[in-house]
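Below is one structure; the comments refer to it alone.
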Amino acid sequence: MANAEERRFEVLRAIVADYVSNQEPVGSKAIVDRHNLGVSSATVRNDMAALEEEGYITQPHTSAGRIPTDKGYRLFVDRIAEVKPLSSAERRAITAFLDSGTDVDDVLRRSVRLLAQLTRQVAVIQYPMMTNSAVRHLEVVPLTPARLMLVLITDSGRVDQRTVDLGDVITEENVGRLRTVLNGALSGRRLSEAAAAVAELPEKSPGELRDNLTRVCTVLVESLVEHPEERLVLGGTANLTRNVSDFPGSLRQVLEALEEQVIVLKLLAAARNPGAITVRIGEENEDEQMRSTSVVSIGYGMDDLLLGGMGVVGPTRMDYPNTIAAVRAVANYVGQILSGR
């Protein structure tokens, strides 16, 4: 080993790997037997004593074994030099599964199901943030001579349908004029800007369109200023119950916290840039109910456009390299699919 510090980190890495795999405290003999560190049991025992003194590992009971602390997991995660990428077969399976989604809702449901299966943790994804989306097109469809359907389509693939009762008959020609005026004001605009543009439209419109346009714009503004990004999709909650001992006395608290969308949205709030992974371990989680968990989160989108956040929640005894790889891969594909819709 290059030096004592590097050797101690390799001992910590071995303890993390064995404890994540077996859920049993790890002793010096097991490390020497299972990991080719090239040093004696006595040296490993000394390194373990130093790691324990520095707060990276702890002795859970009178056994000779040690387990990682939150601080130990943090050092391990910070020192992961490279995350093993998913195999080409895994990537193809992800692409095929998500590509067959029929709409945004289906893609998000498929994403959490897939991520929960890949990581064996709870998966969560935030609906695309409408404030970061732009209007791709607004379709105006006559349902009856005095009733219209508005279909708003954004560049993040979100489709929002609303009906408008006009109170009077409208000609086919005027439906076409409405469609042209509305798309001229909306197409390509961010939703936050689009709401303001729509609100000003009736004043600028020809007299014969003004009443109809006022009714249509009132409904449209409501649609544009709503925040569906506050909706979440969760999957794999039952995975938490596989190892109840990972949450001594706190599993119910964790499950209750996951039902609170505000808490989960806060967990995803750190995801500011597409592709940037954030790992919060144990006590690093602000909410007390989540302090027995680790949260691996990421922003999804394309280039610099953030559409939303996603991630997994599980015990601190988590396979961090594989979890990070799975979260990153699924987020990448979700971003591509929704941006391309």
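The values are calculated or read from the model by the stated rules, or taken from the named source; none is laboratory data. Fair warning: this is a prediction, and the values are worked out from it, not measured in the lab. Please note: Cβ atoms are built from the backbone with ideal geometry, for glycine as well, and neighbour counts cover all protein chains shown. Please note that ligands, DNA and RNA were not included when accessible areas were found on the heavy atoms of the full protein model with its side chains. Shrake-Rupley method; radii C 1.70, N 1.55, O 1.52, S 1.80 Å.
GNM, the chain, Cα, under 10 Å: largest mean-square fluctuation among 212, 183, 36?
Between 212, 183, 36, it is 36 that shows the largest mean-square fluctuation.
Can you tell me the dipole magnitude for region 122-251 around its Cα centre, using point charges on the Cβ only (Lys, Arg +1; Asp, Glu -1), in Debye to the nearest 20?
Taking the Cα centre of region 122-251 as origin, the dipole is about 280 debye.
Work out the length of the dipole vector of the chain about its Cα centre, built from +1 on the beta-carbon of each Lys and Arg and -1 on the beta-carbon of each Asp and Glu, and round it to the nearest 20 debye.
That gives a dipole near 840 debye.
Separation of region 1-52 and region 76-123 by C-alpha centroid, Å?
So the separation of the two Cα centres works out to 32 Å.
Using 0.36 nm per residue, how much length does the chain from residue 149 to residue 91 gain when fully extended, once their Cα-Cα distance is taken away?
Details: separation 58, 0.36 × 58 = 20.88 nm, distance 3.93 nm.
Using 0.36 nm per residue and subtracting the Cα-Cα distance, I get 16.9 nm.
Between residue 100 and residue 117, with labels modelled 7 Å along Cα→Cβ, what's the label distance in nm to one decimal, could you check?
Using points 7 Å along Cα→Cβ, the separation is 0.9 nm.
Counting only protein heavy atoms, what percent of the accessible surface of region 4-79 is carbon or sulfur at a 1.4 Å probe?
For region 4-79, the apolar C and S fraction of the accessible surface comes to 44 percent.
What three numbers, in Å, describe the spread of the alpha carbons of the chain along their principal axes, ordered from the longest?
Extents along the principal axes: 91, 39, 28 Å.
Largest first, how would 231, 179, 45 line up by accessible area (1.4 Å probe)?
I get 45, 231, 179, largest accessible area first.
Tell me the label-point distance for the pair residue 204, residue 287, using the 7 Å Cα-to-Cβ offset, in nm and rounded to one decimal.
4.3
What does the charge count around residue 289 come to, taking other residues whose C-beta lies under 13 Å from its C-beta (Lys +1, Arg +1, Asp -1, Glu -1)?
-4
Out of 206, 171, 159, whose Cα points farthest toward the positive end of the dipole of region 134-226 (charges: +1 Lys, Arg; -1 Asp, Glu; placed on Cβ)?
159
Each residue of region 13-26 in turn: what ³J(HN,Hα) in whole Hz from Karplus with 6.51, -1.76, 1.60 and θ = phi - 60°, glycine and Pro shown as x?
4, 5, 5, 4, 4, 5, 5, 4, 6, 10, 6, 10, x, 10
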